[in-house]
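J.: My structure is below; once you've seen it, I'll send some questions.
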Amino acid sequence: MSAPTVTSVTAASPAARAGLAVGDELLSIDGHEPRDVIDFQRLSDGADLGVLVRRTGAPLPRLVRVDKEAGEPLGVEVSSAVFDRIRTCDNHCAFCFIYQLPKGMRRSLYLKDDDYRLSFLYGNFTTLTRFTELDAERILTERLGPLFVSMHATDPDVRAQMLRNPKGATSLRWLSVLLDGGIEVHGQIVVCPGVNDGAVLEDTLAGILDRFPGLASVGAVPLGVSRYSNEPDMRPHTGDEAVAVVETIEEWQRVYQRALGHRMVFAADEYYLLAGRPFPSARRYEGFPQHENGIGMARAFAASFARPSAEGPGGVRHGFFASVDAAPAEGYRASRLPSAPAGVDERPVTVLTGAYGARVLAPLVAAHGRTDVAVWPVANEFFGGNIGVAGLLTGDDVGRALRAVPAGRRCLLPDACLNEGRFLDGLTLADLPRPVEVVPCDGASLRRALDGTSFRPACAA
């Protein structure tokens with residue numbers, strides 16, 4: 001097990017007063033070795049700490065006394081979220097996007113986790129196939145929630161076949177344990193045409209009502225297929241299949257509403273785009289519990305664009321791989337530096353985004369009133385297939401699109417394209433053929449940009 005390494009120290013904080021420095025390894029706090037940032041935050045929350053520190057170049061670790069009040073922030077950031085080994089996934093799902101990556105990308109992107117701690121910290125979905133009694137005891141004792149569980153099907157045989165793991169047939173028993181213990185849990189169903197749609201989807205939604213009525217919400221999301229997929233049975237939805245999924249979800253929303261008092265299940269925005277159906281009203285998303293999962297984002301974006309001062313749902317996770325090597329160690333709920341306006345710029349604007357995002361933004365921009373704003377859908381040639389979300393755009397694809405944009409225009413890019421200033425293919429903003437302004441992925445920020453506020457490119461991290 002590695003130790004948390006200090007990456008920054010807040011000035012005048014208890015850590016700074018005690019002499020802790022960047023690069024220090026924090027071996028233990030009051031005699032306890034933290035396994036992860038969850039432990040670290042709990043242990044460092046106490047008063048007057050004894051921290052065992054290993055400093056580069058020092059012959060031996062030394063005990064540092066940190067004088068602080070209980071609940072006062074220690075004042076350090078650490079290098080990672082998990083200090084012991086991340087629990088990797090032992091499933092072999094045909095629809096897993098990790099299997100659909102090309103060779104040669106940075107190693108961290110190929111990490112396939114099934115760790116409940118990353119579910120708590122970052123909103124990753126876990127299948128619970130590697131879950132244990134000790135895990136359940138910790139979650140129930142420390143009240144670690146919300147958690148996010150990949151369900152896919154409630155029929156044991158179907159679920160085991162989809163996960164290609166016999167433990168998939170039984171691991172949802174842990175979901176019952178968590179719900180019975182009062183833990184907030186959100187579920188997900190990746191709907192694969194011909195596998196768990198149609199009658200199987202109906203059976204799954206009935207099984208949720210019967211076995212897991214305590215779930216906070218369930219999201220139904222479509223299968224993403226890149227051109228690197230080697231699974232012949234995995235294919236994108238047709239328009240008619242998308243219509244069928246939307247109608248099934250909306251029918252079961254009415255069932256859940258009558259039985260449980262809330263709609264419970266929601267279809268991803270992509271389904272409404274594929275089906276050619278209007279998005280539900282904001283009220284029908286019931287607070288946007290699956291906003292981070294791409295469900296209700298379009299409606300929330302439109303509402304924020306129309307009323308920039310209104311408070312909307314939580315922030316957008318920065319890209320599909322945010323938990324791998326890009327988000328703060330504290331989790332995606334941790335605060336990020338706000339994008340700083342750089343001034344007023346009245347040049348014509350080109351908004352670059354993914355194919356799906358362009359369909360959402362185009363009518364909003366058209367109604368805004370400016371006639372010199374263009375929404376430019378960037379084709380995802382890197383992944384190909386049906387991949388159309390902004391969070392999976394690469395620097396190569398963005399660069400290709402930028403070369404076709406006429407000179408003299410401001411170019412806006414959503415921050416979901418970047419993780420710590422890097423695109424998925426490893427390129428950075430400096431590698432692009434022309435400057436871009438990175439704008440946060442919310443309607444209010446885009447509205448401010450179109451009203452003339454420019455954003456500094458440095459806000460990409």
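J.: For A430 and D155, calculate 0.36 nm times their separation in residues minus their Cα-Cα distance, and state this gained length in nm to one decimal.
T.: On the way: separation 275, 0.36 × 275 = 99.00 nm, distance 4.95 nm.
Additional length available on full extension: 94.0 nm.
J.: Got a sec? What order do K103, K68, K112, K167 fall in by accessible area at 1.4 Å, biggest, i.e. largest, first?
T.: Working: K103 200, K68 10, K112 35, K167 85 Å².
These residues rank, largest area first, as K103, K167, K112, K68.
J.: Between A407 and A259, what is the label-point separation in nm under the 7 Å Cα-to-beta-carbon projection?
T.: 6.4 nm
J.: Now for a different question. For D233 and A366, FRET efficiency with R0 = 30 Å and r from the beta-carbon atoms, rounded to 0.05? The partial results should precede the final answer.
T.: Working: r = 40 Å, r/R0 = 1.33.
In this case the efficiency is close to 0.15.
J.: Select from the chain the helices, each a whole stretch of DSSP H, whose alpha-carbon atoms run 30 Å or more along the helix axis and whose Kyte-Doolittle mean is at least -1.0; answer none if there are none. Please list the in-between numbers first.
T.: Numbers: long enough: 239-260 (31 Å, -0.29).
Long hydrophobic helices here: 239-260.
J.: Using only protein heavy atoms and a 1.4 Å probe, report how much of I183 is accessible, in Å² to the nearest 10.
T.: Surface open to solvent at I183 totals about 10 Å².
J.: Placing unit charges on C-beta atoms (Lys and Arg positive, Asp and Glu negative, everything else neutral), compute the dipole magnitude of the stretch 1-88 about its Cα centre in debye, rounded to 20.
T.: Values: 10 positive and 13 negative charges, 59 e Å.
Roughly 280 debye, rounded to the nearest 20.
J.: Please give the peptides 300-306, 405-411, 351-357, 20-26 ranked by average Cβ packing (other Cβ atoms within 10 Å per residue), highest first, as a rough proxy for protection.
T.: Working: 300-306: 20.0, 405-411: 13.6, 351-357: 23.6, 20-26: 18.4.
The peptides rank, most packed first, as 351-357, 300-306, 20-26, 405-411.
J.: Let me ask another. Using 1/(1 + (r/R0)^6) with R0 = 51 angstrom and r between the beta carbons of R17 and D240, what's the FRET efficiency to the nearest 0.05?
T.: On the way: r = 65 Å, r/R0 = 1.28.
With a Förster radius of 51 Å, E is 0.20.
J.: Using r as the Cβ-Cβ distance of R85 and R347, and R0 as 56 Å, what FRET efficiency do you calculate, to the nearest 0.05? Mind showing how you got there, number by number?
T.: Numbers: r = 50 Å, r/R0 = 0.90.
Calculated value: 0.65.
J.: Can you give me the distance in nm between label points at R284 and T141, each placed 7 Å from the Cα along the Cα-to-Cβ direction?
T.: Each label point is offset 7 Å from its Cα along the Cβ direction, giving 4.5 nm.
J.: If I ignore ligands, DNA and RNA and count only protein heavy atoms, how much of E292 is accessible to a 1.4 Å probe, in Å² to the nearest 10?
T.: 40 Å²
J.: Which entry is the computed Cα extents along the principal axes in Å for this structure: (i) 65, 58, 43; (ii) 104, 52, 50; (iii) 113, 54, 43?
T.: Identified label for the calculated read-out: (i).
J.: Using the alpha-carbon centroid of each, what span in Å lies between the stretch 150-216 and the stretch 77-123?
T.: 21 Å
J.: Could you give the nm distance between label points at R107 and E250, where each point is 7 Å from its Cα heading toward the beta carbon?
T.: 5.0 nm
J.: Given the rule -39500 (n - 2.57) for each run of at least 4 DSSP H residues, summed and divided by the residues of the chain, what is its mean residue ellipticity at 222 nm, to the nearest 500 deg cm²/dmol? Can you show the working numbers first?
T.: Working: 14 runs with 134 residues, N = 461.
Result for the chain, helices only: -8500 deg cm²/dmol.
J.: Of all the accessible heavy-atom surface of the stretch 164-298, with the other protein chains kept in place and a 1.4 Å probe, what percent is carbon and sulfur? The partial results should precede the final answer.
T.: Details: 2810 of 5540 Å².
Carbon with sulfur: 51 percent of the solvent-accessible area.
The values are calculated or read from the model by the stated rules, or taken from the named source; none is laboratory data. What you see is a predicted model; the values in this text were computed from it and never measured. Neighbour counts are summed over all protein chains in view; Cβ atoms, including those assigned to glycine, are modelled from backbone coordinates with ideal geometry. Heads up: the accessible areas ignore ligands, DNA and RNA and are worked out on the full protein's heavy atoms, side chains in. Shrake-Rupley method; radii C 1.70, N 1.55, O 1.52, S 1.80 Å.
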